[in-house]
1. Within the stretch 25-49, count every residue that is in a loop (DSSP other than H, G, I, E, B) and under 15 Å from the mean Cα position of the chain (by Cα).
2. For the stretch 1-38, which positions are in contact with a strand residue (DSSP E or B) (Cβ under 7 Å, 6 or more places away or on another chain), aliphatic (A, V, I, L, M) and more than 23 Å from residue 126 (Cα to Cα)?
3. If you take the residues of the stretch 50-79 that are without any contact (Cβ under 8 Å) to a residue 40 or more places away in the chain and among the charged types (D, E, K, R), which of them is nearest to residue 132 (Cα to Cα)?
4. Can residue 82 be described as more than 15 Å from residue 46 (Cα to Cα), in contact (Cβ under 8 Å) with a residue 24 or more places away in the chain and not in a loop (DSSP other than H, G, I, E, B)?
5. Given the criteria surrounded by fewer than 14 Cβ atoms within 10 Å (Cβ to Cβ), at pLDDT below 95 and of a type in the set (Ser, Thr, Tyr), does residue 5 qualify?
6. Would you pick out the residues in the stretch 99-114 that are part of a strand (DSSP E or B) and either in contact (Cβ under 8 Å) with a residue 24 or more places away in the chain or polar (S, T, N, Q) (or both)?
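The values are calculated or read from the model by the stated rules, or taken from the named source; none is laboratory data. Quantities reported herein were computed from a predicted structural model and do not represent experimental measurements. For neighbour counting, all protein chains shown are included, and Cβ atoms are generated from backbone atoms with ideal geometry for every residue, glycine included.
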Amino acid sequence: MLQLTEAEVLDKIQQLIPFEAQLNDGSLTIRISEYQPYIATAIHHGHRLRGDLMPNCLLNEDERYFEEDPFTGDFISSLPIVLQGEDSRYEYDLNRGPDNCIYEEAWGKPVWSTPLTDAERAVSLENTTPTTAFWRVWLIHWKAISVCVCCTICIRTTTSVLNAKYRYSTWVLSR
């Protein structure tokens, strides 16, 4: 897949150029086949966990997959604009604020064998604020389409697309 810097992605969006690429840090896959006034996001699709965090994670693969919502990117892949998060929500949860986006415990299970250090948390927190690449790409698209309404659709699955459940209703933002 084409690897682009964030600046290159933002430039393509501002010029309304359709493309498919992954950010060069691997955190986001973006597919734009045509520009429309909505964006489909799969923010919990990813399973990637930083190498330095992996030995400290108490959750096995199945436990992580259950809440990481794999296949959500596949579920929405036919839509014209898709932003797909590639990092595990156990490193940072994109739809939570900086104060609660890194889980100590998740769904009744402890996540880490020892609490994350301030340095480890800081690296993860760099990816969660509205100024991160994921949210900057989302915002630039929203501004570029020049319409009054933008919808973001978040879909949640448990373990497969066949077991898909809606976690979030359509989220409509007007500007």
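1. 9
2. 1, 2, 32
3. For the stretch 50-79, the residue satisfying everything is 68.
4. Criteria not met by residue 82.
5. yes
6. 106, 109, 110, 112
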